[in-house]
Amino acid sequence: MNENQTPVVKNKRPNLLGGLILVLVGVLALVANFLGNTPYTLWFLPLLGIIFLASGIIAGKRGLLIPGGILLGIGVGTLLVAHYLTPPSEEMQGGIFMLAFAGGWVLITLLSLVVKDAEDQTRVMWWPLIPGGIIGAIGAALLLGEKGQVALEYFGKGWPVILIAGGLYLILRRRELQGK
């Protein structure tokens, strides 16, 4: 019931898009089971990511872009490291994987530019750039070799300074606003 005491009728029609996603995921999983441990089974996560991304765009639901970008980034990173590139070291493999994973997070923001909501407006999701930027910076540092690892070590010890600076900013900003 709403505020005028009229009954609210919910859409009881089955969700076609949700059903299609389940069928596609099931088919991919079944095929992966029969293929066994082959390079083709590594395509499961990227294809699943693409299904979520396409569903989000088609249905106009930005929330589906999040698992889609994450799964696609992890899947592409795994494919690159396992079968398509032969990096000379584990650090390079980690760097390539992390950059692909970061790319998935950036893709969430880029595709949110395409998805329109019920009011036919586009709202950009900027927040995925934060984890994507951090993961990408770690990946780039791993690719830089020893110098990048030294930078990561310093950052690992010094990151609380960012929290302190942010806290001081909020405290000083509050004082400034109260003084007006």
**Asked** For the range 101-112, in order, what is each residue's ³J(HN,Hα) by Karplus, 6.51 cos²θ - 1.76 cosθ + 1.60 with θ = phi - 60°, in whole Hz (x at glycine and Pro)?
**Response** 4, 4, x, x, 5, 5, 4, 4, 5, 5, 6, 5
**Complete:** Of V27, V81, V106, the most mobile residue in a GNM of the chain (C-alpha springs, cutoff 10 Å) is V27
**Prompt:** With charges set only on the Cβ (+1 for Lys and Arg, -1 for Asp and Glu), what does the dipole of the chain come to about its Cα centre, in debye to the nearest 20?
**Reply:** 660 debye
**Message:** Through the Karplus equation 6.51 cos²θ - 1.76 cosθ + 1.60, θ set to phi - 60°, convert the phi angles of the range 140-153 into ³J(HN,Hα) values in whole Hz; use x for Gly and Pro.
**Reply:** 5, 5, 5, 6, 6, x, 4, 5, x, 5, 5, 4, 4, 5
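Counting helices only, and only those DSSP H runs with n ≥ 4, report the 222 nm mean residue ellipticity of the chain as the sum of -39,500 (n - 2.57) divided by its residues, in deg cm²/dmol to the nearest 500. Please list the in-between numbers first.
Details: 7 runs with 122 residues, N = 180.
Result for the chain: -23000 deg cm²/dmol, rounded to the nearest 500.
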**Message:** Placing one identical point scatterer on every Cα of the range 16-143 and ignoring solvent, what is log10 I(q)/I(0) from the Debye formula at q = 0.16 Å⁻¹?
**Reply:** -0.82
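Any read-out appearing in this document is the output of simple, stated calculations on the displayed coordinates, not a laboratory observation. Small disclaimer: the values here were computed from a predicted structure and weren't measured. Glycine gets a Cβ as well: all are built from the backbone with ideal geometry, and neighbour counts include every protein chain shown.
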